[in-house]
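See structure below.
Please treat every number below as a calculation from the coordinates, not as lab data. If you're wondering where the values come from, they're calculated on a predicted model, not measured in any experiment. So basically every Cβ, Gly included, is an ideal-geometry build from the backbone, and we count neighbours across all protein chains shown.
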Amino acid sequence: MSAPVTRRRRTRACWLLAGVAVLVAAVLGTGTVGVAHVVSVSMAPSYDVGSTLLTTRVGSADPRRGDVVVFEVPASWRAAADESGADLTSGLMVKRVLAVGGDHVVCCAPGGLVVVNDAVVEEPYLASRPESTSNATYDVTIPAGHLWLVGDNRRRSFDSRAMHVRDPGAGFVPVAAVRALVLRGF
């Protein structure tokens, strides 16, 4: 009696596996899931150089604070990125959303902490706690339809902060430039 039970279990397992394979193929075929690759240290330790990121296309919902996104580098950033040595071969970057349209961002509170809408942002993902003396200071309100994007490795990241220091107001990235949300890294 044990042999037929074992065969049924194997058959069910095979059908389940086949169903999962069809589902994965359907999702990948729609283009809603993709991959991106990390080419700089700006997102360490969350995502190291060489990490592969599983992403999903941005739907009708805008990215939220704390999301990690893949975005098309705005044209206004390209010259500055070249000067800084940022790798823009793909024309895409991976950064974390620190603030969204309407948010007021101030850097830096004592100890290098960032304040968004009068609240200190808890950032357990940072490579190291920034020091107030090593951060460029800024006080910005993010326009509607835009994001303030930063790397987790603040000392080695070309991001909204660098653009704002170079040209106040240039650090804002349009939500429309976001191509995908990062689901996880490998």
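Summary table
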| item | result |
| --- | --- |
| Long-range amide H partners of G101 with built H, under 5 Å | G145, H146 |
| Taking all pairs of distinct alpha-carbon atoms in segment 32-185, Kirkwood radius in angstrom | 15.4 Å |
| Built amide H within the under 5 Å cut-off of K95, gap 5+ | V69, F71 |
| Net charge dipole size for segment 32-185 [Lys, Arg +1 and Asp, Glu -1 on Cβ; Debye, nearest 20] | 260 debye |
